[in-house]
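Written out below as structure tokens is the structure these notes cover.
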Ligand code: AMP
């Protein structure tokens, strides 16, 4: 099973992806996690991405595309994967399409978590508090404002892209965490069956 989780920062993508990993034995591929690891390890990609990420802007499409291309070839992806945080632009969606076509893979479903924007800042502040000090350089009010702007301008069109392709399913991300999981499972069943 290969799926994409879409939704703005703080929508609960990471939490839900972790649950899907457990239930379905597939892997979670978070480009944000991969980029944070690259920053931590000071790799060439990390050095390029660090300031861009701290500002809440997007790392160039080709850079992220290459990271994903390398990752989905790994043996642990054979049973499937959940893309969390990718694609974030229509250009990335096109890159993914080509990439998967070359590997003979198909996408089963794209699930968008739809949330009230006014709730997001509170959720992210909670995440920052619960994990102690500023674990993420981009969980500041300024960077978050930028991340939401970027989401509206560049990532919202990705939903329309997948709607047009007949792959999009929307789930109300304002429900409680368990209810959201159940709705995602129902959306998967309806698409994969
Ligand atoms: P996330 O953990 O998904 O919120 O990602 C954190 C930051 O990493 C984003 O604000 C971007 O700067 C960068 N990033 C993650 N995924 C992508 C992507 N698919 N395209 C461009 N930048 C990304």
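Structure notes:
- Rg/Rg_ref, segment 18-62, where Rg_ref = 2.2 N^0.38 Å and atoms are Cα: 1.38
- For segment 1-81, the convex hull drawn through the C-alpha positions has a volume of 103 cubic angstrom per residue.
- The Stokes-Einstein estimate for segment 87-161, based on a Kirkwood radius over Cα pairs and taken at 10 °C with 1.306 mPa s viscosity, is a diffusion coefficient of 109 µm²/s.
- Estimated translational diffusion coefficient (Stokes-Einstein, Kirkwood radius over Cα pairs, 10 °C, 1.306 mPa s) of the chain: 93 µm² per second.
- Cα point-scatterer Debye curve for segment 34-124, base-10 log of I(q)/I(0) at q = 0.19, 0.23 Å⁻¹: -1.06, -1.27
- Segment 119-193: translational diffusion in µm²/s, Stokes-Einstein, Kirkwood Rh over Cα pairs, 37 °C, 0.692 mPa s: 223 µm²/s
- With contacts taken as Cα pairs under 8 Å at a separation of at least 6 residues, the chain carries a relative contact order of 33 percent.
- Value of [θ]222 nm, deg cm²/dmol, for the chain, DSSP H segments ≥ 4, -39500 (n - 2.57) each, nearest 500: -17500 deg cm²/dmol
- When 145, 48 are sorted by how many other C-beta atoms sit within 10 angstrom of their C-beta, beginning with the fewest, the order is 145, 48.
No lab work stands behind these numbers, since they all come straight from the coordinates. All of these numbers come straight from a predicted model, not from anything done at the bench. As a convention, Cβ positions derive from the backbone with ideal geometry for all residues, glycine included, and neighbour counts pool all protein chains shown.
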